[in-house]
1. Only residues in the range 238-251 that are more than 17 Å from GLN307 (Cβ to Cβ) count as the first member; pair them with residues that are polar (S, T, N, Q) and open to solvent by 30 Å² or more (accessible area, probe 1.4 Å), Cβ under 6 angstrom, at least 6 apart or cross-chain, and list the lot.
2. Show me the strands (runs of 3 or more DSSP E) entirely contained within the range 1-119 in which 2 or more residues are aliphatic (A, V, I, L, M), open to solvent by less than 60 Å² (accessible area, probe 1.4 Å) and over 26 Å from ASP222 (Cβ atoms).
3. Take the range 193-212 and flag every residue that is farther than 26 Å from LEU87 by Cα and either open to solvent by less than 30 Å² (accessible area, probe 1.4 Å) or touching a residue at least 60 places away in the same chain (Cβ under 8 Å) (or both).
4. Filter the range 151-167 for residues that are β-branched (Val, Ile, Thr) and surrounded by fewer than 21 Cβ atoms within 10 Å (Cβ to Cβ) and give the result.
5. Conditions first: (1) more than 30 Å from ASN130 (Cβ to Cβ); (2) out of contact with any helix residue (DSSP H, G or I) (no Cβ under 9 Å at 6 or more places or on another chain); (3) open to solvent by 20 Å² or more (accessible area, probe 1.4 Å). ILE232 passes all but one, so which condition is the exception?
6. For the range 168-191, check the following and say yes or no: at least one residue is within 16 Å of ASN35 (Cα to Cα), open to solvent by 20 Å² or more (accessible area, probe 1.4 Å), hydroxyl-bearing (Ser, Thr, Tyr) and not in a helix (DSSP H, G or I).
7. Inside the range 281-312, can you point out the residues that are open to solvent by 70 Å² or more (accessible area, probe 1.4 Å), within 25 Å of the chain's Cα centre (by Cα) and touching a residue at least 40 places away in the same chain (Cβ under 8 Å)?
8. What are the residue pairs meeting all of these: first residue in the range 98-114, first residue touching a residue at least 40 places away in the same chain (Cβ under 8 Å), second residue part of a helix (DSSP H, G or I) and loosely packed, with under 14 Cβ neighbours inside 10 Å, Cβ atoms under 6 Å, and 6 or more apart or on different chains?
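The values are calculated or read from the model by the stated rules, or taken from the named source; none is laboratory data. Worth saying up front: this structure is predicted, and the values here are computed from it rather than measured. Glycine gets a Cβ as well: all are built from the backbone with ideal geometry, and neighbour counts include every protein chain shown. Keep in mind that these areas ignore ligands, DNA and RNA; they rest on the heavy atoms of the full protein, side chains included. Shrake-Rupley method; radii C 1.70, N 1.55, O 1.52, S 1.80 Å.
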Amino acid sequence: MSHEEPLVRVENLCKTFKTNFGTLLAVDNVDFTINKGEVFGLVGESGSGKSTIGSMLVGMYNATSGTALYRQEHNIGIKHSERSKWLKQDIQLVFQDPGSSLNPRKSVRQILGVPIDLFSGEKLTYQERNHRIEASLARIGLPPEYLDKYPRSIGGGEKQLICVARALSANPSFIVLDEPTSALDVSIQAKITNKLLELQQKDNLSYLFITHNLCLVRNICDRIAIMYLGKICEMAPTQSFFNNPLHPYTQMLLASIPVLAEEEEKLKPQRIRSTGEIPSPLNKPKGCSFHPRCPHKNDICTQIEPQMAELSPNHFVSCHLLGA
């Protein structure tokens, strides 16, 4: 992991949406950094705001308030249309559903050729262009015969690999991976994550890995942040996170992971029985947003919102019960 200035720095980032039922605060004063060559995991249940953050970093949404800086000076809290060509090239996205993110009327050769045409920066001959397309396919481990296939004739795992190859064709430094394996079978998930990790280490890429699957982040991420109702409640290096989960919500998530052996069960945190259901993001509770489900809550939890505090080196938690 690099100790240089962070590649991505997010501070007090907020995103609101107007709905027929009121204003939805999807992302609420979020802070984190992503270092060069790092895989940063953003984990949470559906509706936690994690995908909204990813969408802002790639320019699908602009930030309502707060800042998101890339390489210290480039504002990425703005829409894609307002970004420079270089910034569009250097930050890429891999979508959750490969089936809906590939044009069914274009062959793999045509799909991989689009970012090369957009970002090559030079006039390529037919042979040079084809060579780059073939090299993009080879990087993700698929044979040349896939180039003339169409998405409808390709399996889900191969489609996602094509999406990864398309992102890599732009020669980026930073890739947002939004639930890149959730639509795939378990056996294919391992193939995709292993390839992503191989590419990241080989090319010193930086990833924002968005997922709800804690088992995945344990094997691929350097650091992990847990989101709940638009906020980060715990953030730590992966080993510290799994060895010593501190926030009650984090402990609840880890305790719910299914295991096959009693030895694995003993390594899990003590099961926390939550009460109630996830509050509506349109009507968030006062104080700590997790308090309606927390079995350990006290009076301060229902009245005052906890602040993030560093309880051990690089391990941050937002919880009154822990002195944060």
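1. Here the result reads PRO245/GLN251, each pair linking the range 238-251 to a residue that is polar (S, T, N, Q) and open to solvent by 30 Å² or more (accessible area, probe 1.4 Å).
2. Numbers: elements: 8-19, 22-34, 39-43, 65-70, 91-94.
Answer list for the range 1-119: 22-34.
3. HIS212
4. ILE154
5. ILE232 satisfies every listed condition except (3).
6. yes
7. LEU282, MET308, LEU311
8. PRO104/ARG152; SER107/ASP148
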